[in-house]
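Beneath this line is the structure, given in structure tokens, with notes to follow.
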Amino acid sequence: VKARLIDLFCGAGGATRGYQLAGFYVVGVDIEAQPNYVGDEFVQADALTYPLEGFDAVHASPPCQFYAPSTSAATKAMSPALINGTRLRLRGTDVPWVMENVMGAKRDLRASLLLCGSMFDMPISRHRLFESSEFMWAPHHPPCVGRPLPELADPDAAYRKAVGRRALNVTGHGRYKNSLSDWKKWMGMPWATRDREVTEAIPPAYTEWIGRQLLQVVEQAA
Ligand SMILES: C[S@@+](CC[C@H](N)C(=O)[O-])C[C@H]1O[C@@H](n2cnc3c(N)ncnc32)[C@H](O)[C@@H]1O
């Protein structure tokens with residue numbers, strides 16, 4: 001029987017998928033309906049109050065809008081800062097936990113680990129910070145400027161010039177916004193059908209890496 005992980009603020013399950021690949025059975029919690037959720041079970045509920053009993057590990061990705069530099073002042077004003085409240089919940093559990101966020105949350109997170117797409121041979125850098133109750137290793141960090149994929153050497157010269165000049169990015173805006181199908185490929189999220197499901201996600205490769213270490217801790221405690 002698999003160890004059970006609860007993924008708080010799960011979205012469509014970018015993080016969830018990685019934990020599944022690492023070997024967990026994953027239950028996702030999100031305040032919004034997630035018709036494309038990829039995990040084993042989904043609960044529509046508030047992650048700040050949903051009970052955490054009965055799980056072997058907890059992951060939390062509180063919304064990053066308050067912390068992200070790309071967020072407008074207007075959106076920021078409406079976006080709650082949930083990192084501290086989430087940490088209080090995580091610390092109240094007696095199982096290993098992980099909390100993830102964007103680089104803009106550096107001062108609010110007590111992160112010990114940075115993961116980058118280049119560590120997993122992805123063409124995007126997408127730096128994310130991880131705070132955990134456990135000691136975690138990072139892989140070697142190669143130069144992290146987004147490298148164009150071979151198939152981007154397409155006949156469209158303007159496009160080639162654009163991606164050659166700028167690192168590839170999975171965000172909703174910008175002059176050289178790439179397509180959802182590119183994002184899905186780069187992120188490793190083939191099940192997604194909406195932009196937000198991918199732009200708000202952690203690449204499954206990151207949580208597969210974290211999840212393998214987390215599963216070791218869970219198995220040692222069992
Ligand atoms: C950064 S996204 C998470 C993405 C996800 N970790 C992934 O890798 O695909 C944050 C999610 O938190 C959800 N959310 C915001 N406030 C919430 C709350 N109070 N309880 C549960 N979910 C919430 C949003 O609907 C959104 O899907």
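Structure values in brief
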item	result
Scan of region 88-111 for residues that are open to solvent by less than 10 Å² (accessible area, probe 1.4 Å) and over 16 Å from Phe135 (Cα atoms), ordered by number	Asn101, Ala105
Residue that is hydrophobic (A, V, I, L, M, F, W, C), in a helix (DSSP H, G or I) and either within 9 Å of the ligand (Cβ to nearest atom) or under 17 Å from the mean Cα position of the chain (by Cα) (or both), where the choices are Met119, Met99	Met119
Residue within region 175-188 that is farther than 22 Å from Gly13 by Cβ, modelled with pLDDT of 90 or more and assigned to a loop (DSSP other than H, G, I, E, B) present	no
Per-region count, region 67-81, residues closer than 25 Å to Gly39 by Cβ and open to solvent by 30 Å² or more (accessible area, probe 1.4 Å)	1
Strands (runs of 3 or more DSSP E) fully within region 1-64 counting 2 or more residues that are crowded, with 24+ Cβ neighbours inside 10 Å and free of Cβ contacts under 8 Å to residues at least 40 places away in the same chain	25-30
Conditions (1) closer than 20 Å to Ile210 by Cβ; (2) aliphatic (A, V, I, L, M); (3) more than 15 Å from the chain's Cα centre (by Cα); (4) within 12 Å of the ligand (Cβ to nearest atom); number of the one not met by Val29	(3)
Qualifying residue in region 155-172 (condition: of a type outside the set (Gly, Ala, Ser), over 15 Å from the mean Cα position of the chain (by Cα) and at pLDDT 90 or above)	no
Residues satisfying the stated conditions in region 65-93, i.e. at pLDDT below 95 and assigned to a loop (DSSP other than H, G, I, E, B)	Gln65, Phe66, Tyr67, Ala68, Pro69, Ser70, Thr71, Ser72, Ser79, Pro80, Ala81, Leu82
Test result for Pro139, in a loop (DSSP other than H, G, I, E, B) and either open to solvent by less than 20 Å² (accessible area, probe 1.4 Å) or in contact with a strand residue (DSSP E or B) (Cβ under 7 Å, 6 or more places away or on another chain) (or both)	no
Residue tally, condition at pLDDT 95 or above, within 21 Å of Asp94 (Cα to Cα) and among the aliphatic types (A, V, I, L, M), over region 1-21	4
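The values are calculated or read from the model by the stated rules, or taken from the named source; none is laboratory data. Given the structure is predicted, the values throughout are model-derived calculations rather than measurements. All Cβ positions, glycine included, derive from the backbone under ideal geometry; neighbour counts span all protein chains shown. Heavy atoms of the whole protein, side chains included, go into the accessibility calculation; ligands, DNA and RNA do not. Shrake-Rupley method; radii C 1.70, N 1.55, O 1.52, S 1.80 Å.
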